[in-house]
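Values quoted throughout were computed directly from the atomic coordinates according to the rules given, and no laboratory measurement underlies them. Keep in mind that what you see is a predicted model, and the values were worked out from it rather than measured. We place every Cβ from the backbone using ideal geometry, glycine too, and count neighbours over all the protein chains shown.
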Amino acid sequence: MLLSTSVYGQLTINGSVTSATDGSPLPGVNILEQGTTNGTSTDRDGNYSLEVQGANATLIFTYIGFLPQEVDVNNQRTINVPLQEDVEMLEDVVVIGYGEQDRKTLTSSVSSVSAEDIQNTPVAGTDQLMQGRAAGVQVSTNSGTPGGGIFVKIRGTTSISGGSDPLYVVDGVPIETGNFGLGLGGETTSALADINPSDIESIEVLKDASATAIYGARAANGVVLITTKRGGDAAPSIRVRSYYGFEEPVNTPALVSGPEFEMLINESARNNGEPEPYENPQSAIDTDWANTVFRTGTVRNYDLSISGGNETIKYAISGSNYKQDGVVKPATYDRSSTRINLDLNATDKLSLGTSLTYSFSNRNRARNNDNITGVLGGVYFIPSNQPVYREDGSYTKFSIFENPVAAATEIDFNMDVNRFIGNVFADYEFFPGLTFRTSWSYDYNEINEDRYNNTFTNEGAAVNGSGLSTVANSKNWTGENTLSYLFNIGNHNFSTLLGTSIQESEFKRTTAEGQQFPSNDFQRIEDAAVQTSSSSGTSWGIASFFGRVKYDYDRKYLATLTIRRDGSSRFGENNRWGTFPSLALGWVPSEESFFDIDWISNLKIRGSYGITGNQGGIDNFQAQGLWGGESYTNAPGTSPEQLSNPNLQWETTNQLDIGFDIGFMDDRITLVYDYYHKQTEDLLLAVPVPMSTGFEELVQNFGELENKGMELGITADIIQQEDLNWNLQFNIAGNRNEVTKLAAPFNVYNRDIYRYQEGYPMYSFYFHEQLGVDPQTGDPIFTDVDGDGTFNPNTDRKIVGDANPDFFGGITNTLNFIGFDLSVFLQYSYGNDQLNWNRFFQEHGGARNTNFLSSQLDRWQQPGDDTMVSRMTSANYAGNLRPSRFVEDGSYMRLKTATLGYTIPSDFFDSIGINLSRARFYVTGHNLLTFTNYTGLDPEVTATATTSLTRGIEFYTMPQARSILGGFDITF
């Protein structure tokens, strides 16, 4: 009887589960009696107790991040189990909204840039780390201005007026990325420039609706999650990094010489039947205006960090200083920053943490980019036959254009930015798997700007000195509370999340201006005889509720359901709230028992559909009828400023994504493919209204936009040997953008050169299509668009191209050989048109008295000449003509970065008694080579960054520089 009870009766098993790696207890391990629903989980100390049906039972132990293990009871009363870590899963964990997930069970489309990818890449800004490294993420530079703005588009642009910027979340803090500085032509500044790239651990780009819907109302343009480095359970580690180098202009403006200028002006005068103004062009002054302001600049950076910790507290502390001189005087950028990340295990259930960043930056700004009176405007416009200085030593003046030397040296424009980004959080684990987190964050941005145009400049001379001083503050706080529960039922794995969020943003600006200063030695506004001032402010807020359920069965069948509901102060009282759901499904055939293809190590098929929103297309309080202060005969009063629209609501983007992940030969080669289709509805646009309302337009929800495309990413470990490794990463993406619904076509920018029209993409160029030049007369030949038999500049314009590339991406080759490492990164864009708007003004045929680009030398001169540049005569360059020859092919392939490094073996330091764990020395080059047919300075830049409606235009824009850096990276 005793034997029978032992074999067939119930039996209580006790024991503990630990990590086989370090012996630490594992709480929340799922334990199931095989073939039954009988199970339990370990407590916070890793202990468990389970009553089984008999001595021959089998127990199955499962835990996320560890390999499952089966143990036969065999009449044992105590069973202690060490679980082995699932190395593959731990090495491929990606950050997602409000959590982490191993890529094996990920159902959404997420591109990752890991610490391994970027640790050896010295760059000025965090946003540059994404360029060409994530499929479907198009990153292009506003200009070469130090600390300047950058464009990031994830799967195209989903809003006409709302811009293309994604939502950036740094360590859980949604940060403000707008351009808060004073207008300076089309130049913007980058808020991400305040974050030290050396602090970055990883960057995840959330692309499809399943990944982004958890952020709801602000996720239509995608989400970028930036995670910074944190401490670990290890002895203190000190890391010192520094580099120094120089940068130089890749191209400078190709302008005619002084003699060539006078020769061309004389030719134009002859063709116009006018007297030649210059008697002897060959004796003309020859000033190289570009040489007066372009320069070789320097770049330097210092980084110091310390990290470490124990079971109770972990820390990572860093400080850095970065300084860059632009290649066009007087532009400089100087940033100092510090970061503190702390994690504290207060009790077995309670853990606390914080991430704090403070940075101070100074920009000495140069007036360029979409500004004809700036430094580069003077370089291009002032004729080469003019000297820099007059005989009396004063600056040469020419029309409205600023002497470039005066613009570079006599205008003081400084911008100081104090930036604080921080959060505190607490996690409380009620029992294994159930955790509550509360997180509170603050993003503070203070911008101080001072500008003074002294009396040697055109503007300053007109008013005896012109000064401006402004202080702007952006405050953004967020409070979030989440409850997450991870649990297993046999092979059914669940991860659930419920949360609430509240966010408020406030912006204020105070500006003072002055004129008529006693001398250039007095530049404070209080010293001006004439003083004016103004102030402004605005705010907005969002309240949110969200939830997510992730499920997988045996890591083969996957599902993710997400929903978020947001209420925004920006919208009308009838439509303040919006709901943003998504559903994703996945299947991993390679985990099936019937899958028997040895050379395919992993295959996952996934699909998702969801809705995200956008509130960025309107200003705050746009839905309300507003009144503003007004004066009449110096009497105070008010007047209406805008009509109300209580029905104003969110822009919404519906996105379908179908993709697959496949690995070959034990994942030595991996391939990720996605097809997506995004449809944006209820665009927020200013729509014309009857003049009887007293206004010309009203912001309404009217319009639709479509983006669809494909992405492909390939990673291959081509060579894996003890002394030699070669890794290749390649990605390519193509997006097709189309405006599918508008109230009416409209044109934007200078001379209406961009057109928005149904059936065409955004950023379409609206020009007179030039077919060539008549070889007999030298007159331009244009398309007769309306077919009436006569070319009419007022009616015969058409869309001739757009700034969107057909496809773009990047290629990275990394080799390691006996301590040496070589990385070569190529970035490319194909099929994008680039508008060389400089040519419109500097290829003028003598219709103006300003300088010429050297392309004017290719003009028609005699019958039989084959060229696209018309005969020198005012009629061929009339102000109402917009020849399409200025819209050029902007395709390019750029050797973006190349790095050669050497790491000294650690055995060497041990042999000489120096306590160094790593010492690496390297040399890096940026923008080394560019292959393009574009004739301007840089095929990547966009001068008009201050408006979201234009892209792909070079207009007196500071180009990117070529730089060579040398540095070291030492860890103690």
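Remarks
- Kirkwood-type hydrodynamic radius, the stretch 830-962: 18.7 Å, calculated from all non-identical alpha-carbon pairs.
- Separation of the alpha carbons by more than 21 angstrom is noted, of Lys323/Lys475; Lys207/Lys314; Lys329/Lys397, for Lys323/Lys475; Lys207/Lys314.
- Which of Arg555, Arg871 has the fewest Cβ neighbours within 10 Å, and the rest in rising order: Arg555, Arg871
- Burial ordering of His926, His492, His768, fewest other beta-carbon atoms within 10 Å first: His492, His768, His926
- Note: relative contact order over the chain, using C-alpha pairs below 8 Å and six or more positions apart, is 11 percent.
- Volume per residue that the Cα convex hull of the stretch 378-496 spans, once the total is divided by residue count, Å³: 174 Å³
- Measure of compaction for the stretch 445-525 (Cα Rg per 2.2 N^0.38 Å): 2.29
- C-alpha center-to-center spacing [the stretch 821-877, the stretch 890-919] in angstrom: 44 Å
- DSSP-assigned coil residues among chymotrypsin sites (Phe, Trp or Tyr not before Pro) in the stretch 723-783, each with at most 12 further Cβ atoms within 10 Å: none
- Each of the peptides 450-460, 163-173 was scored by the mean count of other Cβ atoms within 10 Å over its residues; in descending order, highest first, they stand as 163-173, 450-460.
- Cα extents of the stretch 2-86 along the three principal axes, largest first (Å): 40, 21, 17
- Once you reduce the stretch 298-312 and the stretch 680-719 to the center of their Cα atoms, the two points are 42 Å from each other.
- Counting neighbouring Cβ atoms within 10 Å and putting the fewest first, the residues Leu50, Leu900 line up as Leu900, Leu50.
- Cα gyration tensor category, rounded, prolate or oblate, for the stretch 438-589 with a/c compared to 1.5: prolate
- Prolate/oblate/rounded label for the stretch 667-804 (Cα gyration tensor, a/c 1.5): oblate
- Burial order of peptide ranges 944-953, 906-915, 469-478, 770-779 (average beta-carbon count within 10 Å, highest first): 944-953, 469-478, 770-779, 906-915
- Inter-part distance where the stretch 576-613 and the stretch 729-758 are each reduced to a Cα centre, Å: 32 Å
- 20 Å tail of the calculated P(r), the stretch 248-317, as % of Cα pairs: 63 percent
- Computed over every Cα-Cα pair of the stretch 221-352 and binned at 10 Å starting from 0, the pair-distance distribution P(r) comes out as 10, 20, 17, 16, 11, 10, 8, 6, 3, 0 percent.
- Global geometry of the chain, whether rounded, prolate or oblate, following the gyration tensor of its Cα atoms and the 1.5 cut on a/c: prolate
- For Ile79, net neighbour charge (Lys/Arg +1, Asp/Glu -1) across residues whose Cβ lies under 14 Å away: -3
- Projected-area average for the stretch 169-280 over all orientations - Cα convex hull basis, square nanometres: 15.9 nm²
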